[in-house]
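Below: one structure, written as structure tokens.
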There are 2 protein chains.
Amino acid sequence: MPRAGLTETRVVEEGERIADEVGLSGLTLAALAERLGVRQPSLYKHVAGTDGLRRSIALRAKTELAGVLRRATVGRARGDAISSMAWAYRAWATEHPGRYAAAQRAPVPGDLEDERASADVVQVAFDVMAGYDLRDDDAVDAIRGLRAALHGFVTLEAAGGFGLPVDINRSFDRLVVGLATAFAEWSDGSGGGDR
Amino acid sequence: MPRAGLTETRVVEEGERIADEVGLSGLTLAALAERLGVRQPSLYKHVAGTDGLRRSIALRAKTELAGVLRRATVGRARGDAISSMAWAYRAWATEHPGRYAAAQRAPVPGDLEDERASADVVQVAFDVMAGYDLRDDDAVDAIRGLRAALHGFVTLEAAGGFGLPVDINRSFDRLVVGLATAFAEWSDGSGGGDR
DNA sequence: GGTCGATAGCTATTGACATTAGCCCAATGG
DNA sequence: CCATTGGGCTAATGTCAATAGCTATCGACC
């Protein structure tokens, strides 16, 4: 009986494919093993069970997303950077729904590698906010707002929560532009850090 | 052997409690049966399996949430109404995380009761937007943006996605006010329905 | 080329959970 | 008092995760 030649990378990548095709909840070790031509328990030689597999997918997804966002912002500033980043975020999430869902789990405290990957995503947004002269708490507020809006939009869209036959791209654009405008107003003194 | 005296309502309410206590994913028929002092298969006399139970919880959650939001908006208008509704939304979601999660599933097409309950929630937001003179597509854009922001914020908060030690209430307030301001600008001609 | 150790993949087993089939007895109404 | 309804039960099946322990393959090294 010849070996299947699995590696952790091959297992995780096939898991990503399943997650994107049938949703994260449809990613089972049974389905994964079948796709790899192997019996379920064999997977434990390469990944630490369901939890380990999901963590690996999350880690890679966060890293990839951070790169996508970073590339979307180079050479752009302020509202231009925010819009570009927002569209890149939505596009990636839409194209990779399973990976995106996996990336939502917050790292378990003490998991330095995961904490690092999560921070990388946030760092892109931080850098964009610096272009607005938003710093410290103001930047945190803006990032939280932007993340919430993007994550909520993408999630609702994926769940079919936008039932009405109205152009979704237009809704998204107006939301992003509206937020960018709000951030711009925060930065010029009117609604600064005191409340 | 005396009867347990279950009804559909009792079963669903206990299910809601479990979901809020341990999360929607922790709501199993096994756990529910144990809490009710009954064997698993007995539950099938009252609810249609896991799917039916979750649907019932979702239905009740949507109805309750719609009522909460409605009460938060009476006697208020424009930004005041939006803020009040937003805070009520977040408070309810935070206090009832399991029910809130259950309410996120979109109704299966043709499930009129569920479609009705879902529409009730949206209707509250529609009525608020009418106070901004936002109608039709403009109102849809605004509602999608608001829903996305609220849902995203609440979800990220519940998942522990806001790691930094910065006041979350303040971040939420600024997001809501920022959106309300953006909506106000949409309504006075500057960014109307053409794009 | 032969040997040996590490380990990939296997079978077998256990345990949680969902679900269906079919039984029996309790409650209710005539 | 009896008949019907239906609530709760046991038994059984299927899916999936996970662990234990075996075997044989592969690569390193002599």
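The values are calculated or read from the model by the stated rules, or taken from the named source; none is laboratory data. Being a predicted model, the structure only gives us computed values, none of them experimental. Cβ coordinates were reconstructed from backbone atoms using ideal geometry, including for glycine residues, and neighbour counts include every protein chain displayed.
Given the conditions (1) within 8 Å of another protein chain (Cβ to nearest Cβ); (2) touching a Pro at 6+ places or on another chain (Cβ under 9 Å), and given that A:Ala117 satisfies all but one, which numbered condition is not satisfied?
(1)
The rows are residues; the columns are (1) in contact with a strand residue (DSSP E or B) (Cβ under 9 Å, 6 or more places away or on another chain); (2) farther than 19 Å from B:Phe162 by Cβ; (3) not in a helix (DSSP H, G or I).
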{"residue": "A:Trp92", "(1), (2), (3)": "no, yes, no"}
{"residue": "A:Tyr100", "(1), (2), (3)": "no, no, no"}
{"residue": "A:Gln104", "(1), (2), (3)": "no, no, yes"}
{"residue": "A:Val108", "(1), (2), (3)": "no, no, yes"}
{"residue": "A:Arg116", "(1), (2), (3)": "no, no, no"}
{"residue": "A:Val121", "(1), (2), (3)": "no, no, no"}
{"residue": "A:Val128", "(1), (2), (3)": "no, no, no"}
{"residue": "A:Leu134", "(1), (2), (3)": "no, no, yes"}
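From the list B:Leu134, B:Leu156, B:Leu175, exactly one residue is in contact with a His (Cβ under 7 Å, 6 or more places away or on another chain) and within 13 Å of chain A (Cβ to nearest Cβ). Which is it?
Answer to the check: B:Leu156.
Taking the options A:Leu134, A:Leu179, A:Leu156, A:Leu146, name whichever one is touching a residue at least 40 places away in the same chain (Cβ under 8 Å) and within 24 Å of A:Leu59 (Cα to Cα).
Just one listed residue meets the conditions, A:Leu146.
Going residue by residue through segment A:57-77, is there one that turns out to be farther than 30 Å from A:Gly145 by Cα and polar (S, T, N, Q)?
The answer is no; no qualifying residue exists.
Restricting attention to segment A:25-53, report how many residues are touching a residue at least 24 places away in the same chain (Cβ under 8 Å) and crowded, with 20+ Cβ neighbours inside 10 Å.
4
Output yes when any residue across segment B:97-117 is within 16 Å of DNA strand C (Cβ to nearest atom), buried (at least 19 other Cβ atoms within 10 Å of the Cβ), within 19 Å of B:Ala158 (Cβ to Cβ) and not assigned by TED's automatic domain parsing to the domain that holds B:Phe172, and no when none is.
Looking through segment B:97-117, none of the residues is within 16 Å of DNA strand C (Cβ to nearest atom), buried (at least 19 other Cβ atoms within 10 Å of the Cβ), within 19 Å of B:Ala158 (Cβ to Cβ) and not assigned by TED's automatic domain parsing to the domain that holds B:Phe172.
Would you confirm whether or not segment A:21-38 contains a residue that is touching a Leu at 6+ places or on another chain (Cβ under 6 Å) and outside the structural domain of A:Trp92 (by TED's automatic domain parsing)?
Yes, that holds for at least one residue.
If a residue must be away from DNA strand C (no atom under 12 Å from the Cβ) and buried (at least 18 other Cβ atoms within 10 Å of the Cβ), how many such residues does segment B:54-67 contain?
Residues meeting the conditions: 9.
Name the single residue that is farthest from B:Leu53 (Cα to Cα) among those in segment B:8-20 being of a type in the set (Val, Ile, Thr) and away from DNA strand C (no atom under 12 Å from the Cβ).
Once the filter is applied, the top-ranked residue is B:Thr9.
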